[in-house]
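Just so you know, all these numbers are worked out from the coordinates, no wet-lab data involved. In this text, all values refer to a predicted model and were calculated from it rather than measured experimentally. Note: ideal-geometry Cβ built from the backbone for every residue, glycine included; neighbour counts use all protein chains shown.
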There are 2 protein chains.
Amino acid sequence: MGARQPKNKQPETEKPGKHASGTRAAGKQDTHRQDAGALLNTLKPLYAMEMQGVDGVIREMTRSNVPLVSEMAQYIIACGGKRLRPILTVLAAKLCGYEDGDRHIQLAASIEFIHTATLLHDDVVDESKLRRGAETANAVWGNAPSVLVGDFLLSRAFQLMARDRSPRVLRVLSNAAATITQGEVDQLVKKNDLSITHEDYITIVAAKTAALFTAACEVGAIVAGKSAKEQRALRDYGQHFGIAFQIIDDVLDYSAVQEQLGKAIGDDFREGKVTLPVLLAYQKASTAERAFWERTLGALRQQDGDLTRAISYVRESGAMEEAAMTARAYAAKAHKRLQMFPASDIRKALEAILDFAVTRPY
Amino acid sequence: MGARQPKNKQPETEKPGKHASGTRAAGKQDTHRQDAGALLNTLKPLYAMEMQGVDGVIREMTRSNVPLVSEMAQYIIACGGKRLRPILTVLAAKLCGYEDGDRHIQLAASIEFIHTATLLHDDVVDESKLRRGAETANAVWGNAPSVLVGDFLLSRAFQLMARDRSPRVLRVLSNAAATITQGEVDQLVKKNDLSITHEDYITIVAAKTAALFTAACEVGAIVAGKSAKEQRALRDYGQHFGIAFQIIDDVLDYSAVQEQLGKAIGDDFREGKVTLPVLLAYQKASTAERAFWERTLGALRQQDGDLTRAISYVRESGAMEEAAMTARAYAAKAHKRLQMFPASDIRKALEAILDFAVTRPY
């Protein structure tokens, strides 16, 4: 993706020792992350060629006769980050022994398009200004073309499925797309609602984030023609991974240094999203703290200094560590589901990418 | 659709003699329309059962575990109007002799979902408040859920294609969806641009509106297993129909009485859209009139009374009649492409629906 990266995008590997939290737990996480990152780097050649292929398909399919469409599509694709979901598809296919053909590459690109379309629309919905250190498309071009180019990317995703010609794949991915949008609306409806339960939160996260991780892994198994058992294992791996990933993302919104996270910290707080760290802090809150949460998130009446207070309440309550532990429990489940496959470098890569993703700096 | 209609929706048949324009040409159009409408009414039983089936599929697929999703989806579907595109799919399939099966019904619903998704997103993009006499979804619920529920409906459309299991149909409809969004962005980019040509305008209209008419008809031929020749004829019919339909829609924005049109008149003007009636009026404009168009549409500096002036310029220049003539020329081409099929009541219905649509009151 080199040339298409926005100039102010963050480098993908951070230097150690710059983390916001200096606790021992975080230090241990650092080491884990460095180990996982180093392992992943040594394993990258296993799927690097396929990922070049994915980028090629993406380049081809972001072209349009309408110059603004290409320009915006390429911008947002470049902002999209690490290509986590397409990597999962490629690795899942390879884990299942898929060798001759490029279906996993085409479909990995399709999945990245679904992801990117939802990013574009999420930023419109959330009125976000910053994503991965770059201005969001809606901040640069406005809401109207962002909505339309999101639709364009979603259509491109389905054009790629049409090329693939598999009704099964279409079913899995169209189901995922429908699930994601319902999860997003569910989240929108439950904004400002401090009475939601841990289960409500997981239901939202499973739909809005994990559904695409799940589908990305399942599609890999499908193109390889693997049995239902292997498909189910990879689906579970994807689902648990996706939930863990989103929990960490929500934790980071109360912990990461803005320059490291590359997105505006405190976005969830300002929007009144009740995420797991908040839920956990709220459960343990004193009467005064509860009143704070009810005013700032429940009634969305916020004033200067509230974000700092929110961050300190979340940190001091131990909610950060507890949420991170929940994420790690999901990651462990994901890890376990891979064990039915024979040990291999590909399996190692799927384990390392999971470890790397759930030990992001916070 | 009975119960799901918003209360203030317009009745589908207007009483004659209430039209804004009292010219003889309009009078003649009235008679044509009444004839086409009457004929269509006698032919309705030919496809009424299928359309009930389409409504059933729509009801089924607008359901969601997230109540707001169902509520909004059902609202916007009810506002969507006359089910023109699904009727075309059903009739095209029947014209091609499709008899055993309900693929045309399932896919007609899929096409209506694509249409409805674009309506939802268009209203967000255009900031419209009124559609077919009812408040738009974005006016009732805001932009955020409108964007997401649009995505939901688009996903549902592809879930229906997954059920159908035909890669060919998926290709046609995903291509149409991609074309529509590019047409919409093209239109957005060319807003306020009085230098666009007649061809530019037709290119936009062919993409943003006619692509779905085209696909709706082609899909009918595909499910019936008809040869490439018949598929092409029906595709052409759909394309010319769609272009004619959009031109009339653009004419109505400068002519219809608001209560009749059921949408806010002058929307295109206020948004700075350069549509065919404006293009034609601008070509014939005096220096003073050109300055008016450049200020109001080019620079989008509008003041009280400008819409009235715009309407009178468009009407007095003969641009209304000229645009309507262009629409009728496209309708005639559409009509001609049906003649390769043997005469039948189904063919008559396809002719009548075309006549009815291009002689809408203005």
Distance (nanometres) between label positions extended 7 Å along Cα→Cβ at B:A38 and B:D100: 4.1
Inter-part gap, Cα centre of region A:107-182 to Cα centre of region B:174-219, in whole angstrom, is 21
Can you pull the mean other chain C-beta count within 10 Å for peptide A:183-194? 4
Copies of B:S344 compared via label points 7 Å along Cα→Cβ give distances in nm, shortest first, of 5.4
Would you mind checking the pairs A:K226/B:K226; A:K190/A:K336; A:K44/A:K208; B:K44/B:K129; A:K229/A:K348 and listing those with alpha carbons more than 26 angstrom apart? A:K226/B:K226; A:K190/A:K336; A:K44/A:K208; B:K44/B:K129
Once the label point is set 7 Å along the Cα-to-beta-carbon vector, what list of distances in nm do you get between A:K28 and its counterparts in the other copies? 8.7
Could you tell me the distance between the Cα centroids of region A:343-362 and region B:278-352, to the nearest Å? 60
Please give the peptides B:125-136, A:34-45, B:96-107 ranked by average Cβ packing (other Cβ atoms within 10 Å per residue), highest first, as a rough proxy for protection. B:125-136, B:96-107, A:34-45
Sorted by chain and number, the residues with a modelled amide H under 5 Å from that of B:K129, at a separation of 5 or more or across chains, are none
Out of all Cα-Cα pairs in the protein assembly as shown, roughly what percent, to the nearest whole number, are more than 46 Å apart? 25
Tilt relative to chain A, helix A:24-43 - C-alpha long axis, 0 to 90 degrees, to 10: 10
Relative to the first principal axis of the alpha-carbon coordinates of chain A, what is the inclination of helix A:143-164, with its axis defined by its Cα atoms, in degrees from 0 to 90 and to the nearest 10? 40
If packing is taken as the average count of other Cβ atoms within 10 Å, what order do A:247-253, A:196-202 fall into, highest mean first? A:247-253, A:196-202
Classify region A:29-113 from the C-alpha gyration tensor, please: rounded if a/c falls under 1.5, else prolate or oblate depending on whether a/b exceeds b/c. oblate
Here the net charge surrounding B:G272, from other residues whose Cβ is less than 13 Å away from its Cβ (Lys, Arg +1; Asp, Glu -1), is -3
Sequence-distant residues sharing a close amide H with A:R83 (under 5 Å, placed H): none
Just checking the output field for A:166-173: average partner chain Cβ neighbours within 10 Å of each residue's Cβ? 4
With r as the distance between the Cβ atoms of A:Q339 and B:R301 and R0 = 60 Å, compute the FRET efficiency 1/(1 + (r/R0)^6) and round to 0.05. 0.35
Ratio of region A:35-358's C-alpha Rg to 2.2 N^0.38 Å, to two decimals? 1.00
So, with points 7 Å from each Cα along the Cβ direction, the A:E294-A:S312 label distance in nm works out to 2.2
For residues of B:56-69, the mean tally of beta carbons on other chains within 10 Å: 3
Efficiency of FRET between A:L46 and A:M325 - r from beta-carbon atoms, R0 22 angstrom, step 0.05: 0.10
At 1.306 mPa s and 10 °C, Stokes D of region A:218-362 from Kirkwood alpha-carbon radius, µm² per second: 95
For chain B, take the longest principal axis of its alpha carbons; what is the angle in degrees between that and the long axis of helix B:319-337, to the nearest 10 within 0 to 90? 20
Give me the distance in nm between label points sitting 7 Å out from Cα along the Cα-to-Cβ direction at B:S227 and B:K284, one decimal. 4.6
Distances in nm, one decimal, shortest first, from B:Q303 to the same residue in every other copy, taking the label point 7 angstrom along Cα→Cβ. 4.4
